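Below you'll find the structure, written out as structure tokens, and then a few comments.
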Amino acid sequence: MKATLAPPSSLISLPRHKVSSLRSPSLLLQSQRPSSALMTTTASRGSVAVTAAATSSAEALREGIAEFYNETSGLWEEIWGDHMHHGFYDPDSSVQLSDSGHREAQIRMIEESLRFAGVTEEEKKIKRVVDVGCGIGGSSRYIASKFGAECIGITLSPVQAKRANDLAAAQSLSHKVSFQVADALDQPFEDGIFDLVWSMESGEHMPDKAKFVKELVRVTAPGGRIIIVTWCHRNLSQGEESLQPWEQNLLDRICKTFYLPAWCSTSDYVELLQSLSLQDIKCADWSENVAPFWPAVIRTALTWKGLVSLLRSGMKSIKGALTMPLMIEGYKKGVIKFGIITCQKPL
Amino acid sequence: MRLMTHNMLSCNIKGVTNGFPLKIEAEKVIEKEVDFNPDFLRHMFAKIEWKDLVEAARSLGYAELPEDSPDATVIESAADESLLKKLHHALLELHLEEGALVCPETGRKFPVNKGIPNMLLHEDEA
């Protein structure tokens, strides 16, 4: 079935570029990883084979991500609450928001994402939802309540899964939501069981974007929708094979502390979805709508409570906090984009 | 882990074609009271794999569910809620706290600790 790109008003025009950089194994290997992992560049560009060392560095990344969130989730929740994603703000809003204003912006992010995907008009059809990279379950609990649906969340972090389940119990949502430790690249579900597949700021952790998208599509029911909200790098221009060295350097420094593999662009995701024959593919650049977020996070880190909590939380948290200005720099210089990509699986 | 979740989990090891349903090895089962919500149960009923639920409930020591799946009309009718209450109990109130989920094809065990299944695959399984 031919995939169609339906342009809503906010769709940016995507420059066409021939090289789909994320399909090449060299992209898998060029990212920064935790120092304990081995790096190898033996796989040649264009070859499909992945070396044993590359496989173990995927394992190391997985462990690194789990440990990172095991260590930092509690701190985040203490200061920011149970939504571990950007807030959605009106562009150029100069009003400095209170804490509750940012909380509301995080809820708004969920609502705007659902709206963008066209999900809000189909409430009765949504019975089962999967939250891929669920954190401590903020989105899951919100969406389950909103649609009266069952939501299952997966995370690499046992600490997050436990906290997410505890919060669900405390909010009397245990009958609707549950959380387990599982890998987004190998989801423990049969094909086609979810009416809504939700990935809110987890895509950036996936070392194999093609496999990640394939899994998302596999578990989506016919007629179901996929919503991916993720950090990307800017789209490459025609003829550009990769980012500029200074841009790559900036991202590499961020990758190290946040346990991120190589970045891709929004149009890379669109291409992948097109290749899997998804329909009604839409995307947008919401970078302007998230601009107040990182400055706000830094402000909370610099409060007395923030500093004390950081020091108590450990090195990963501290390093993470020190990396936050790089995120602001990345957005300001147009290297980092906050992207949303949504689509529907054909019936 | 409650059985509503178990009813959706499957073994995704490379090459496995028959990874559902996962057998249950129960070491510690607890019961947690959950508010009865018949509308939610009716909403979800169509998606439940009945026979698998019955067997899973038996693994956790609950044998009150009828073997055969009730007709949708029985579930929809407001009159008799006793069946819905049994469904409610099996689906939502029984929790596997400690134990394992076993792949029916390979026998691979996925541990369940503190109520949380760990479905991560090893390197050679992915």
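No lab work stands behind these numbers, since they all come straight from the coordinates. Everything numeric here is computed off the predicted structure, so don't read it as measured data. With ideal geometry, Cβ positions are generated from the backbone for all residues, glycine too; neighbour counts draw on all protein chains shown.
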Next item on the list: Using only the Cα atoms of chain B, each taken as one equal point scatterer with no solvent, compute I(q) by the Debye sum, divide by I(0), and report log10 of the ratio at q = 0.16, 0.19 Å⁻¹.
Entry: -0.78, -1.02
Notebook entry, point to check: Other chains' Cβ within 10 Å of A:162-169 residues: what's the mean?
Noted result: 2
Check: From the square roots a ≥ b ≥ c of the eigenvalues of the alpha-carbon gyration tensor of the stretch A:88-189, which class results: rounded (a/c under 1.5), prolate (a/b over b/c), or oblate?
Finding: prolate
Margin query: So if I take the centroid of the Cα atoms in the stretch A:219-265 and the same for the stretch B:1-53, what is the distance between those two points in Å?
Written below: 35
Margin query: With only alpha-carbon atoms in the gyration tensor, what are the semi-axes of the equivalent ellipsoid for the protein assembly as shown, in Å, largest first?
Written below: 36, 25, 23
Margin query: Give me the count of lysine pairs in chain B whose alpha carbons sit under 18 angstrom apart, restricted to pairs 8 or more positions apart or on different chains.
Written below: 12
Margin query: With +1 on the Cβ of every Lys and Arg and -1 on the Cβ of every Asp and Glu, and nothing else charged, how large is the dipole of the protein assembly as shown about its Cα centre, in debye rounded to the nearest 20?
Written below: 1220
Notebook entry, point to check: Cα gyration tensor of the stretch A:249-295, axes a ≥ b ≥ c as square roots of the eigenvalues: rounded (a/c below 1.5), prolate (a/b > b/c) or oblate?
Noted result: oblate
Checklist line | Among B:Cys11, B:Leu65, A:Cys264 - extreme Cα towards positive end, dipole of the protein assembly as shown, charges at beta-carbon | finding: A:Cys264
Item checked: Given charges at Cβ of Lys, Arg, Asp, Glu: the stretch A:80-146 dipole, positive-most of A:Gly135, A:Met84, A:Ser145 -> A:Ser145
Notebook entry, point to check: In peptide B:108-118, how many Cβ atoms from other protein chains are near each Cβ within 10 Å, on average?
Noted result: 4
Item checked: Farthest positive-ward along the protein assembly as shown dipole, Cα basis, beta-carbon charges - from A:Val181, A:Ala321, A:Leu196 -> A:Ala321
Next item on the list: Rounding to the nearest 20 debye, state how big the charge dipole of chain B is about its Cα centre with +1 on each Lys and Arg Cβ and -1 on each Asp and Glu Cβ.
Entry: 280
Next item on the list: Tell me the label-point distance for the pair A:Glu190, B:Phe36, using the 7 Å Cα-to-Cβ offset, in nm and rounded to one decimal.
Entry: 2.9
Next item on the list: Report the full-extension gain for the segment B:Ser69 to B:Leu83: residue separation times 0.36 nm, less the Cα-Cα distance, to one decimal in nm.
Entry: 4.0 nm
Item checked: Nitroxide proxy distance, nm - points 7 Å out along Cα→Cβ at A:Leu322 and B:Glu27 -> 4.1
Next item on the list: Take every DSSP beta bridge with both residues inside the protein assembly as shown and express the antiparallel ones as a percent of the total, to the nearest 5.
Entry: 60
Next item on the list: Obtain the nm distance between the two label points defined at A:Asp166 and A:Ser237 by a simple spin-label model: each point lies 7 Å from its Cα along the Cα-to-C-beta direction.
Entry: 5.2
Check: What shape does the stretch A:160-275 take by its C-alpha gyration tensor, where a ≥ b ≥ c are the square roots of the eigenvalues and a/c under 1.5 counts as rounded, a/b above b/c as prolate, and the rest as oblate?
Finding: oblate
Notebook entry, point to check: How long is the gain from B:Lys14 to B:Glu123 if the chain were fully straight, where each residue apart is worth 0.36 nm and the alpha carbon distance is subtracted?
Noted result: 38.2 nm
Next item on the list: Rounding to the nearest 20 debye, state how big the charge dipole of the stretch A:153-219 is about its Cα centre with +1 on each Lys and Arg Cβ and -1 on each Asp and Glu Cβ.
Entry: 140
Notebook entry, point to check: Stretched out fully, how many nm does the piece from A:Arg253 to A:Glu329 gain, at 0.36 nm a residue minus the Cα gap?
Noted result: 26.2 nm
Next item on the list: Considering only lysines 8 or more places apart in sequence, or on different chains, count the pairs in the stretch A:190-347 whose C-alpha atoms sit under 16 Å apart.
Entry: 5
Notebook entry, point to check: Roughly how tilted is helix B:50-59, in degrees to the nearest 10 and between 0 and 90, from the longest Cα axis of chain B?
Noted result: 70
Notebook entry, point to check: Other chains' Cβ within 10 Å of B:1-13 residues: what's the mean?
Noted result: 5
